[in-house]
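A.B. asks: Got a structure for you, written out below as structure tokens; questions coming shortly.
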Amino acid sequence: MAHQDDLIATDIDAYLKAQEEKSMLRFITCGSVDDGKSTLIGRLLYDSKMIFEDQLNALESDSKKMGTQGEEIDFALLVDGLAAEREQGITIDVAYRFFSTDKRKFIVADTPGHEQYTRNMATGASTADVAILLIDARKGVLTQTRRHSFIASLLGIKHVVLAVNKMDLVDYDQKVLTDIELEYREFAKNFGFKQIVSIPVSALKGDNILNHSENTPWYNGPCLLEYLETVEVDDDRQTADFRMPVQWVNRPNLDFRGFSGSIASGTVRVGDSVKALPSAKESKIKSIVTYDGELDYAVAGEAVTLTLEDEIDISRGDVIAGKDNPPEVADQFEAKIIWMSDEAMLPGRPYLFKTSNKMMPGVVTDLKNKVNVNTLEETAAKKLELNEIGRCNINLDSQIAFDPYDTNREMGSFIIIDRMTNNTVGVGMIDFALRRASNIHWQAMDVDKEARAEQKHQKPAVLWFTGLSGSGKSTVANIVEKRLFARGRHTYVLDGDNVRHGLNKDLGFTDADRVENIRRVGEVSKLMVDAGLMVMTSFISPFKTERRMVREMMGEGEFIEVFVDTPIEVCAERDPKGLYKKAKAGEIKNFTGFDSPYEEPERADIHVKTAEFAAEKCADQIIEYLEENGYLNANGNGQR
Amino acid sequence: MTKTLTHLKRLEAESIQIMREVAAEAENPVMLYSIGKDSSVMLHLAMKAFYPSKPPFPVMHVDTTWKFREMIEFRDRICKENGLDLIVHINEEGVKEGVGPFTHGSATHTDVMKTQALKQAIDKYKFDAAFGGARRDEEKSRAKERVFSFRSAQHRWDPKNQRPELWSVYNTRKAQGESIRVFPLSNWTELDIWQYIHLENIEIPSLYLSEKRPVVERDGQLFMVDDDRMPLRDGETPEMKMVRFRTLGCYPLTGAVESEASTLTDVIQEMLLTTTSERQGRVIDHDSAASMEKKKQEGYF
């Protein structure tokens with residue numbers, strides 16, 4: 001490790017002092033397979049002497065064993081990590097690498113150039129300030145270059161280095177560089193990059209990486225490292241409007257109440273007037289507390305604890321901002337989404353959304369279009385598959401304070417989490433709030449759900465029948481309705497017959513349409529429950545996620561899941577609508593149980609088996625449940 | 001009014017943000033404390049992250065019973081001074097069976113007293129998030145590990161199935177029984193750690209500094225005779241030598257280096273001028289290139 005070698009030996013204290021003043025830069029390298037990314041990073045590590053002797057020995061022996069450079073050192077082997085990928089010879093995930101010079105510490109995200117790995121590049125780009133796009137001098141600007149530029153721009157990178165690599169293979173010809181640069185500038189003009197710098201390099205030979213190369217006397221710009229050491233990237237963040245998402249409320253004792261968080265943007269001073277969002281309550285900064293003493297002011301990137309002059313209610317998930325230029329508050333947005341899961345994103349399906357400090361349920365209400373990353377064409381879409389990028393409307397369960405991603409990364413980004421697997425399935429960048437959010441004000445009505453229920457002397461709820469086609473859902477639901485009606489209850493049955501022909505006649509049987517079908521039925525049921533009715537719904541409703549969505553729409557105890565559990569052979573034999581016959585003959589597609597899955601409930605509230613018991617008996621079982629759980633008490637309401 | 005944030009300030013802020021996120025979202029977090037220099041930095045960051053509160057989680061040391069004596073004293077004193085809630089976990093079954101590095105070899109000893117012991121402890125206390133001091137620059141396979149690294153209920157790590165991690169938005173969700181290992185020092189390098197210890201004046205065990213210690217040379221490495229459990233081979237007599245340690249672990253498995261560096265700056269100076277990276281002193285890592293990855297899949301931290 002040879003930074004200022006002399007100083008290390010002669011004056012270690014001066015050396016350390018200088019090192020402790022270094023700044024930091026995060027960048028990403030992207031390029032296609034064989035463009036030489038790993039070689040470039042390996043070269044930076046090697047040339048900045050960040051490789052220790054034992055690592056070098058290992059590298060030399062690895063190079064001989066599995067290198068692709070004959071007897072020479074294969075720098076790529078320094079960087080390629082996981083065993084599986086080393087065997088395949090490709091980089092399959094984002095790897096972070098570190099090196100430093102006397103001026104800066106660098107964090108490099110090395111991301112793969114493979115077609116299917118949009119998600120990895122987006123991951124690396126999300127924290128990078130600079131993107132190095134590798135271009136093979138012999139091949140010029142390719143489809144991949146366009147894709148990488150688009151993703152870099154989508155993730156908000158403003159500084160791009162065009163590293164035209166393998167210049168040694170084109171005889172260090174200046175024209176090659178100029179042509180590529182011209183072509184690139186033309187097609188990148190709409191990407192919103194602040195700065196594009198092109199540098200002729202050879203990662204393999206080391207030209208223009210650390211030092212100006214004698215092979216390119218015609219090139220007067222900075223060499224790669226020089227550029228990385230000097231590019232200014234973060235002055236804008238400190239002069240932007242002040243925002244601090246509250247991560248943790250700090251209450252060591254009754255006398256201290258502070259709000260801990262990392263400043264997302266801007267500067268905050270003691271005495272500043274601030275506003276907490278979404279509550280919009282105002283106060284002044286009393287102190288900026290840190291372990292190392294109180295500060296007069298703090299800037300973007302610092303992790304601090306703020307105390308306020310007034311006791312206003314602030315909790316995790318809120319944002320503290322300057323009083324005069326606060327962020328917007330909304331629960332409905334237009335946003336760009338990158339999908340990262342094998343299971344497609346379906347509009348209407350509930351997911352969890354997490355911003356930097358708040359997690360809440362929500363849905364993608366509308367997928368407007370998806371973008372082809374190679375051609376940048378926008379096309380209509382019903383769902384978003386792995387590595388696809390789409391523009392969507394999003395509806396969150398609660399309001400958040402936000403800024404558009406393009407102006408503030410921390411305040412405009414979110415991840416999407418699957419509620420069953422807990423995996424991160426997508427990420428999003430907010431463009432703007434939909435106006436509807438601020439315009440709809442819920443009117444608190446005097447005649448409310450309780451009042452309506454009381455008037456009918458009943459406890460409203462939905463009995464949600466789920467099961468295969470022909471399992472007997474409608475039969476049982478109709479008997480239950482008759483029984484309830486006979487007892488003077490106010491009821492309604494929603495089923496395929498009265499919904500598919502009207503409300504949902506625009507929907508088919510694809511997964512996306514099934515989700516939407518259930519969502520609408522759920523919403524209608526909710527309104528009916530609000531109206532005080534006892535509702536029975538009879539839909540296959542094959543997906544757990546949607547049934548859970550409906551359950552969560554309703555109040556506690558208002559959703560009763562009835563699993564009509566009938567073996568598929570029995571259903572197929574009954575075949576009341578002749579559908580199984582058609583499905584077998586291949587005349588209808590997406591038929592549940594055949595080529596579309598049915599996910600059985602794990603903990604249904606009521607489990608009936610029509611193959612073993614007559615429909616009347618099953619209805620008895622349901623009425624019994626309603627009685628035992630206080631739904632049918634004489635005075636109806638208030639027995640929860 | 002602007003300030004230039006140094007790289008150490010940025011790393012510090014990132015680590016603090018990660019710790020606060022865990023404190024806010026995990027139900028029962030714990031900080032794994034190995035007493036080494038990285039752990040010392042992590043503990044210092046935890047004191048900063050929640051100030052004026054104390055870290056809202058306990059600190060846990062998985063004690064293999066073969067640590068340097070000084071480490072144990074240091075551990076108890078530091079936790080006491082900082083007012084931290086310390087949990088010490090020992091694999092009692094291993095102790096009963098007399099598992100140790102001399103009798104069972106380094107692999108078995110580490111597996112039983114460290115890997116298995118850690119799993120036991122996490123199951124016993126039902127911790128759902130555990131901070132560890134691992135860094136991405138330590139080893140090739142770690143370069144790709146997430147800050148929030150998900151473990152199955154069997155404590156396994158699946159490198160092919162890691163959650164995407166963007167910005168500083170961390171997914172802390174998991175199912176019952178599953179847990180998350182959190183690495184707040186992911187983006188620190190060894191040099192950053194030393195610089196920060198120097199800048200912040202963080203106390204570390206004096207084993208990192210050279211002094212005269214009783215050692216024997218064995219298989220080309222120097223080992224300290226820390227107590228009388230170390231069986232001496234024929235011809236071995238402990239000699240007093242000026243030595244220090246680059247990493248701290250079980251004394252029979254941790255090679256010493258001869259050195260005159262008896263102050264922190266001397267050590268940093270020597271480290272910068274030397275050309276052998278830090279993990280070479282650790283016996284467990286002398287294995288095939290993919291060894292660490294395999295160990296992680298098996299649940300080694």
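A.B. asks: Report the residue count in region A:248-262 for those that are surrounded by fewer than 18 Cβ atoms within 10 Å (Cβ to Cβ), in a strand (DSSP E or B) and not aromatic (Phe, Trp, Tyr).
C.D. replies: The number of residues fulfilling the criteria is 5.
A.B. asks: Would a scan of region A:360-367 turn up a residue that is touching a strand residue (DSSP E or B) at 6+ places or on another chain (Cβ under 7 Å), within 14 Å of another protein chain (Cβ to nearest Cβ) and surrounded by fewer than 19 Cβ atoms within 10 Å (Cβ to Cβ)?
C.D. replies: Yes, region A:360-367 has at least one match.
A.B. asks: Still on this structure, please answer the following. Working only within region B:242-277, note down all residues that are of a type in the set (Val, Ile, Thr) and at pLDDT below 90.
C.D. replies: B:Thr247, B:Ile268, B:Thr274, B:Thr275, B:Thr276
A.B. asks: One residue is enough: does region A:556-570 have a residue meeting the conditions assigned by TED's automatic domain parsing to the domain that holds A:Arg500, free of Cβ contacts under 8 Å to residues at least 24 places away in the same chain and not in a strand (DSSP E or B)? Can you show your working first?
C.D. replies: Looking only at region A:556-570, we keep the residues that are assigned by TED's automatic domain parsing to the domain that holds A:Arg500, and these are A:556-570.
Okay, now just the ones that are also free of Cβ contacts under 8 Å to residues at least 24 places away in the same chain, so A:569.
Now restrict to residues that are not in a strand (DSSP E or B): A:569.
Yes: one or more hits.
A.B. asks: Among the residues of region B:4-22, count how many are in a helix (DSSP H, G or I) and within 7 Å of chain A (Cβ to nearest Cβ).
C.D. replies: Residues in region B:4-22 being in a helix (DSSP H, G or I) and within 7 Å of chain A (Cβ to nearest Cβ): 8 in total.
A.B. asks: Answer yes or no: is there a residue in region A:578-588 that is within 26 Å of A:Lys449 (Cβ to Cβ), over 36 Å from the mean Cα position of the chain (by Cα) and either small (Gly, Ala, Ser) or not in a strand (DSSP E or B) (or both).
C.D. replies: no
A.B. asks: Looking at (1) at pLDDT below 80; (2) more than 10 Å from chain B (Cβ to nearest Cβ), which is the one condition that is false for A:Ile51?
C.D. replies: All conditions pass for A:Ile51, except number (2).
A.B. asks: Suppose we filter region A:287-308 for residues that are within 14 Å of chain B (Cβ to nearest Cβ) and not in a loop (DSSP other than H, G, I, E, B); how many remain? Walk me through how you get there before you give the answer.
C.D. replies: Pass one, region A:287-308, residues within 14 Å of chain B (Cβ to nearest Cβ): A:287-307.
From what is left, the residues that are not in a loop (DSSP other than H, G, I, E, B) are A:287-289, A:295, A:297-299, A:303-307.
Residues in region A:287-308 being within 14 Å of chain B (Cβ to nearest Cβ) and not in a loop (DSSP other than H, G, I, E, B): 12 in total.
A.B. asks: Among the strands (runs of 3 or more DSSP E) lying completely within region B:101-202, list those that include at least 3 residues that are farther than 28 Å from A:Ile157 by Cα and of a type outside the set (Val, Ile, Thr). Break it down stepwise before answering.
C.D. replies: On the way: elements: B:129-131, B:148-151, B:179-182.
Hits in region B:101-202: B:129-131.
A.B. asks: Taking the conditions exactly as written (more than 16 Å from the chain's Cα centre (by Cα), in the same structural domain as A:Leu210 (by TED's automatic domain parsing), outside any loop (DSSP other than H, G, I, E, B) and modelled with pLDDT under 90), does A:Arg147 satisfy them or not?
C.D. replies: Answer is yes for this residue.
A.B. asks: Next question, about the same structure. Looking at (1) surrounded by fewer than 22 Cβ atoms within 10 Å (Cβ to Cβ); (2) in contact (Cβ under 8 Å) with a residue 24 or more places away in the chain; (3) not assigned by TED's automatic domain parsing to the domain that holds B:Ser40, which is the one condition that is false for B:Ser210?
C.D. replies: (1)
A.B. asks: Among the listed residues A:Gly317, A:Gly322, identify the single one that is within 10 Å of another protein chain (Cβ to nearest Cβ) and touching a strand residue (DSSP E or B) at 6+ places or on another chain (Cβ under 9 Å).
C.D. replies: Only one candidate passes the filter, namely A:Gly317.
A.B. asks: Can you pull out every residue in region A:347-369 that is within 18 Å of A:Gln247 (Cα to Cα) and not hydrophobic (A, V, I, L, M, F, W, C)?
C.D. replies: Within region A:347-369, A:Lys354, A:Thr355, A:Ser356, A:Asn357, A:Lys358 qualify.
A.B. asks: Okay, moving on. Report, by residue number, each residue of region B:218-266 that is among the hydrophobic types (A, V, I, L, M, F, W, C), within 14 Å of chain A (Cβ to nearest Cβ) and touching a strand residue (DSSP E or B) at 6+ places or on another chain (Cβ under 7 Å).
C.D. replies: Selection gives B:Val257, B:Ala261.
A.B. asks: Could you pull out every one of the helices (runs of 4 or more DSSP H) wholly within region A:465-533 that has 2 or more residues that are assigned by TED's automatic domain parsing to the domain that holds A:Ala572 and under 15 Å from A:Thr592 (Cα atoms)?
C.D. replies: Qualifying helices (runs of 4 or more DSSP H): A:511-530.
A.B. asks: Would you mention how many residues in region B:185-217 are more than 11 Å from every other protein chain (Cβ to nearest Cβ), β-branched (Val, Ile, Thr) and under 25 Å from B:Glu12 (Cα atoms)?
C.D. replies: Final tally of qualifying residues: 3.
A.B. asks: Further question on the same structure: Quick check on A:Glu612: is it assigned to a loop (DSSP other than H, G, I, E, B) and under 35 Å from the mean Cα position of the chain (by Cα)?
C.D. replies: For A:Glu612, the condition - assigned to a loop (DSSP other than H, G, I, E, B) and under 35 Å from the mean Cα position of the chain (by Cα) - is not met.
A.B. asks: Okay, moving on. Select from region B:237-276 the residues that are in a loop (DSSP other than H, G, I, E, B) and touching a residue at least 40 places away in the same chain (Cβ under 8 Å) and write down the one among them that is surrounded by the fewest Cβ atoms within 10 Å (Cβ to Cβ).
C.D. replies: B:Glu260
A.B. asks: Collect the residues in region A:436-464 that are basic (Lys, Arg) and at pLDDT below 65, keeping them in residue-number order.
C.D. replies: Let us first name the residues in region A:436-464 that are basic (Lys, Arg), namely A:436, A:449, A:452, A:456, A:459.
A:Arg436 - this is the single residue of region A:436-464 that is basic (Lys, Arg) and at pLDDT below 65.
A.B. asks: Can you find, within region A:325-344, the residue that is surrounded by the most Cβ atoms within 10 Å (Cβ to Cβ) among those that are within 14 Å of chain B (Cβ to nearest Cβ) and in contact with a Gly (Cβ under 9 Å, 6 or more places away or on another chain)?
C.D. replies: If we take residues in region A:325-344 being within 14 Å of chain B (Cβ to nearest Cβ) and in contact with a Gly (Cβ under 9 Å, 6 or more places away or on another chain), then A:Ile338 is surrounded by the most Cβ atoms within 10 Å (Cβ to Cβ).
A.B. asks: Pick from A:Glu226, A:Glu232: which is without any contact (Cβ under 8 Å) to a residue 12 or more places away in the chain and either within 11 Å of chain B (Cβ to nearest Cβ) or part of a loop (DSSP other than H, G, I, E, B) (or both)?
C.D. replies: Every option except A:Glu232 fails the conditions.
A.B. asks: For region B:41-49, check the following and say yes or no: at least one residue is within 14 Å of chain A (Cβ to nearest Cβ) and surrounded by fewer than 21 Cβ atoms within 10 Å (Cβ to Cβ).
C.D. replies: yes
A.B. asks: Pick from region A:372-415 the residues that are buried (at least 22 other Cβ atoms within 10 Å of the Cβ) and small (Gly, Ala, Ser): which of them is nearest to the other protein chains (Cβ to nearest Cβ)?
C.D. replies: Top of the filtered list is A:Ser413.
A.B. asks: So which residues in region B:95-125 are touching a residue at least 60 places away in the same chain (Cβ under 8 Å) and loosely packed, with under 13 Cβ neighbours inside 10 Å?
C.D. replies: B:Phe102
A.B. asks: Next up: I'd like to check something: does region A:231-247 contain any residue that is buried (at least 20 other Cβ atoms within 10 Å of the Cβ), among the β-branched types (Val, Ile, Thr), closer than 18 Å to A:Asp403 by Cβ and at pLDDT 95 or above?
C.D. replies: Within region A:231-247, one or more residues are buried (at least 20 other Cβ atoms within 10 Å of the Cβ), among the β-branched types (Val, Ile, Thr), closer than 18 Å to A:Asp403 by Cβ and at pLDDT 95 or above.
A.B. asks: Which one is farthest from A:Met121 (Cα to Cα), of the residues in region A:7-30 that are more than 7 Å from every other protein chain (Cβ to nearest Cβ) and in contact (Cβ under 8 Å) with a residue 60 or more places away in the chain?
C.D. replies: A:Ala18
The values are calculated or read from the model by the stated rules, or taken from the named source; none is laboratory data. Since the model is a prediction, treat every value here as computed from it, not as a measurement. Every residue, glycine as well, gets a Cβ built from its backbone with ideal geometry; the counts of neighbours run over all protein chains shown.
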